[in-house]
Amino acid sequence: MGPHAHHEIAVAALDRLAIELPSWGFANTGTRFGKFLQAAAAGTIEEKFADAAQVHRVTGACPTLALHVLWDVPGGVDEVPRVQALEQRYGIRAGAINPNLFQDQRYKHGSIGNPDPAVRAEAMSHLRESVEIARQLGSRDLSLWFADGSNYPGTQHIRRRKQWFAEALGMLHERLGPGQRLLVEYKPFEPAFYHTDIADWGMALLLAREAGPHAHVLVDTGHHYQGQNIEQIVAWLLDEQRLGGFHFNDRRYADDDLTLGSIDPYQVFRIFHELQQYAWEQGQPADLAFMVDQSHNLKGKIEAMVQTVRTAQELWVKAALVDRAALVEHQRACRLVDAERCLTDAFAVDSRPLVAAWAEARGLPADPLQAFRESGYLEEITRLRGDRNLSSVTTYA
Ligand code: PSV
Ligand code: MN
């Protein structure tokens, strides 16, 4: 493949890559041990829209912002007009709506898996309201993550909880409007440490199937055991027509929420390759939500998002450069080294100039990080938000 072919493939690949940013990635968040506060962090939903718009301005790839109901629209549906005004003002649309069933005290023993029917009913009502918020905003996806689980053997009835989950997701599915989807996220650990009600992709898939045709599985790349083959999960879910989207992040140990590709870029490449191989074979890509789920505690939040998006673009282009026809032939003939080299050769290409050329052709900065730094935006928000954000800083002597 010559440089001209590379260029054309890169342009086609990048034109169809959109990445959704998480509103919470712009706010001051931390670990369970504490928060290191940033002067420039977003403290309101408006600031989150404004910051997301900066990332979109320099990368051209992030037209939507995922919202967490409790953190962004605590007033529920009544706040929809306010969100719509922000969408207009900042040119960013609301993306996936994330109900919050893990922070309220009442969810200590779970939400829709709670043994107390009154708590399950309250969780259901929050879920129903979240569907309504999504419907009014024109958001396609309701992104569901449940912290439900238990910490000690024998303390919860695992099968009964599974049944309550199936029942609740089925009822929620019935509330979906046209075009809406339920995305079911799984996670094997944290905050529960003995059992998590939806611990892996198989459990999420079973629940999604039982809920109905518009329920799909959401793969958060940080939600796996060490050593798990994530691209195989992706390939199986694609084949089952039940992959709904991703929460992208990287990790070294657990759900570390590190910048995409910072620890294992080849892992991201292999996932992208499975998606693109599927699209090539089917003649069209799967309908997926590509979302980031990262909270940066130490890096500058907007810079880290720009870095994430640019890394995704670079790895997406590398995956697009895999010689698919040759790969299929090598696989058929079991030419192992040649098949593997289809992947490693593409991964070895320096895709940065290809992404930069695409960006310039689209009127975007060739170097988005530099463009962001030169814009003065960070200095301005640091000045405007600094006093408020740092007023609660405590230094222990
Ligand atoms: C849980 O770890 C998770 O991945 C879910 O997607 C949440 O909504 C998100 O993080 C933010 O806490
Ligand atoms: Mn997630």
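The values are calculated or read from the model by the stated rules, or taken from the named source; none is laboratory data. Nothing here was measured: the structure is a model prediction, and the numbers come from that model. Here the Cβ is made from the backbone with ideal geometry for all residues, glycine too, and neighbour counts use every protein chain on show. Heads up: the accessible areas ignore ligands, DNA and RNA and are worked out on the full protein's heavy atoms, side chains in. Shrake-Rupley method; radii C 1.70, N 1.55, O 1.52, S 1.80 Å.
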Could we say that residue 44 is at pLDDT 95 or above and open to solvent by 50 Å² or more (accessible area, probe 1.4 Å) here?
yes
Flagged in region 98-111 as more than 13 Å from residue 156 (Cβ to Cβ), more than 15 Å from ligand 1 (Cβ to nearest atom) and touching a helix residue (DSSP H, G or I) at 6+ places or on another chain (Cβ under 9 Å), in numbering order, are 106
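For region 132-164, give me the residue count where each residue is in a helix (DSSP H, G or I) and within 16 Å of ligand 1 (Cβ to nearest atom).
The number of residues fulfilling the criteria is 2.
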State all residues of region 291-307 that are under 17 Å from residue 54 (Cα atoms), away from ligand 2 (no atom under 16 Å from the Cβ) and part of a loop (DSSP other than H, G, I, E, B); if no residue qualifies, say none.
299, 300
Set 254, 312: member being over 22 Å from residue 140 (Cβ atoms) and either aliphatic (A, V, I, L, M) or within 16 Å of ligand 2 (Cβ to nearest atom) (or both):
254
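So which of 356, 326 is open to solvent by less than 60 Å² (accessible area, probe 1.4 Å), part of a helix (DSSP H, G or I) and without any contact (Cβ under 8 Å) to a residue 12 or more places away in the chain?
356
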Residue count, region 64-103 (criterion: open to solvent by 40 Å² or more (accessible area, probe 1.4 Å), assigned to a loop (DSSP other than H, G, I, E, B) and touching a residue at least 12 places away in the same chain (Cβ under 8 Å)):
3
Could you tell me which residue of region 223-247 is nearest to ligand 1 (Cβ to nearest atom), considering only residues that are small (Gly, Ala, Ser) and surrounded by 21 or more Cβ atoms within 10 Å (Cβ to Cβ)?
245
Of the conditions (1) closer than 30 Å to residue 32 by Cα; (2) buried (at least 21 other Cβ atoms within 10 Å of the Cβ); (3) polar (S, T, N, Q); (4) under 21 Å from the mean Cα position of the chain (by Cα), residue 139 satisfies every one except a single condition; which number is it?
(1)
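To keep it simple, each residue is scored yes or no on (1) out of contact with any helix residue (DSSP H, G or I) (no Cβ under 8 Å at 6 or more places or on another chain); (2) assigned to a helix (DSSP H, G or I); (3) at pLDDT 95 or above; (4) closer than 20 Å to residue 257 by Cβ.
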| residue | (1), (2), (3), (4) |
| --- | --- |
| 7 | no, yes, no, no |
| 11 | no, yes, yes, no |
| 18 | yes, no, yes, no |
| 25 | no, yes, yes, yes |
| 36 | yes, no, no, yes |
| 49 | no, yes, yes, no |
| 54 | no, yes, yes, no |
| 62 | no, no, yes, yes |
Which one is nearest to ligand 1 (Cβ to nearest atom), of the residues in region 206-220 that are open to solvent by less than 20 Å² (accessible area, probe 1.4 Å) and over 17 Å from residue 287 (Cβ atoms)?
220
What residue, of 38, 54, is surrounded by 15 or more Cβ atoms within 10 Å (Cβ to Cβ), touching a residue at least 24 places away in the same chain (Cβ under 8 Å) and in contact with a Gly (Cβ under 8 Å, 6 or more places away or on another chain)?
38
May I ask you to verify whether residue 311 is modelled with pLDDT of 95 or more, closer than 24 Å to residue 54 by Cβ and open to solvent by 10 Å² or more (accessible area, probe 1.4 Å)?
yes
For residue 260, only one of the following conditions fails: (1) modelled with pLDDT under 95; (2) within 26 Å of residue 382 (Cβ to Cβ). What is its number?
(1)
Residue pairs, Cβ under 7 Å, 6 or more apart or interchain, first in region 217-238 and in contact (Cβ under 8 Å) with a residue 60 or more places away in the chain, second among the hydroxyl-bearing types (Ser, Thr, Tyr). List them.
218/143
Just to be sure, is residue 116 farther than 18 Å from residue 244 by Cα, of a type outside the set (Gly, Ala, Ser) and within 16 Å of ligand 2 (Cβ to nearest atom)?
no
Just to verify a result, which residue in region 171-220, among those that are within 16 Å of ligand 2 (Cβ to nearest atom), aliphatic (A, V, I, L, M) and part of a loop (DSSP other than H, G, I, E, B), is farthest from residue 111 (Cα to Cα)?
199
When you go through 294, 282 one by one, which is the residue that is surrounded by 17 or more Cβ atoms within 10 Å (Cβ to Cβ) and modelled with pLDDT of 95 or more?
294
Would you check if residue 95 is of a type in the set (Gly, Ala, Ser), under 24 Å from the mean Cα position of the chain (by Cα) and more than 16 Å from ligand 1 (Cβ to nearest atom)?
no
If residue 210 meets every condition in (1) farther than 23 Å from residue 122 by Cβ; (2) out of contact with any strand residue (DSSP E or B) (no Cβ under 9 Å at 6 or more places or on another chain); (3) touching a residue at least 12 places away in the same chain (Cβ under 8 Å); (4) of a type outside the set (Gly, Ala, Ser) apart from one, which number is that one?
(1)
